[in-house]
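First up is the structure itself, then whatever we jot down about it.
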Amino acid sequence: MSCKHRIRTLRNTPLAAALLLAFMAIAMCAAPARAVITDTDWSLKISEREKAFRPATDVMAMKALMWDMPFSRMAARNVPFLCLTNESETASISQFKMTIGDEQFNFGNSIFGSYARLGKDTPGLSIGSSIQDGGNTLIVDFLNGGLAPGATINFQIDLDVDAAFAGAFYKHPDYRTVLFDMNGDNYYEDAGILHDPDSSDNARITLTFAMSGMPSVSTGPTPFSDYAVVDGSARYVNANIARYGDSDPIRDFILGGGARVPEPASVALALFGLVALLPQVTRYRRTHKVIAQR
């Protein structure tokens, strides 16, 4: 009985492992033949100040964020900056699409002359912008080949009140109350502030990735969260501005999405493992032959 068990172990264990690794390697090598973009990672930050995207080691930028005037900050929150990074290792981003969130507002072009304006910290890039759905959807096209893998772009947008609500809401709305509901508080209900922590009424991001020789793919829509601001400064929204000396720090809110394929090196590792097992398979088969002859 012991001899049979030993023979079975010698016969099956290394051979089964080798066959499994061979199957994995073949499957992984065959995957690229489908010619489909699957590496679509991205990350996004939004803030009222473009300098908020700089590293904290930029001392001068941090000072500027700390000592701006409250009225200036209020105005800046109506025209926020977005910082988009292409985290894909293979595909470019050709288009950015964002819905407004609260449809009592819209994306405007009266301030910049366009619906999106390139930021100062990412020069040399080129964008085009347009709207759909009566201003409820913003489209930003990345020109000249798109936003390359690993690249970052900053652009600024403008938020306006729909004409039907022009007399009801503050005319320069805070992005934290339009694109999402800070702390889950909706400021634009008839009965006043409604606490409703639900991302279904938040702005959503859809990105299109492109690569030569492959069809473009879109990822999303991914909604903003109802981000928490718990230090008391959340009350400074729209026309309710902080007094000089009050704590109302500049923040950036982060969003991300997409997917990434396994590293190409994993195929090589699988093949290496298969090759490494071959001597063991040969040795075990020889041992099995010797035992069987006894």
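Figures for the structure shown
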| quantity | calculated |
| --- | --- |
| Equivalent ellipsoid dimensions for the stretch 39-257 as semi-axes, Å, which come from the Cα gyration tensor, largest first | 28, 21, 16 |
| Gyration tensor verdict on the stretch 26-121 (Cα atoms; rounded if a/c is under 1.5, prolate if a/b is larger than b/c, oblate otherwise) | oblate |
| Distance in nm between pseudo-label sites at T90 and D58 (7 Å out along the Cβ direction from Cα) | 3.3 |
| FRET efficiency, 1/(1 + (r/R0)^6) with R0 35 Å, evaluated for S130 and Y170 via beta carbons | 0.85 |
| Segment D121-M214, extension gain: residue separation times 0.36 nm, minus the distance between their alpha carbons | 30.3 nm |
| Selection from M66, H172, I205, by position along the positive dipole direction of the stretch 39-257 (Cβ) | M66 |
| Cα→Cβ-extended label distance, 7 Å offset, between V230 and S247, nm | 1.3 |
| Local electrostatic count, E87, Cβ distance below 13 Å [Lys/Arg +1, Asp/Glu -1] | -1 |
| Length-normalised contact order for the stretch 39-257 - Cα pairs under 8 Å, 6+ apart - percent | 27 |
| Sequence ranges 157-170, 84-97, ranked by mean other-Cβ count within 10 angstrom, highest first | 84-97, 157-170 |
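A short reminder: the numbers here are calculations on the coordinates, not readings from a lab. It should be emphasised that the depicted structure is a prediction, and the values quoted were computed from it without experimental measurement. No Cβ is skipped: glycine too gets one built from the backbone with ideal geometry, and neighbour counts run over all protein chains shown.
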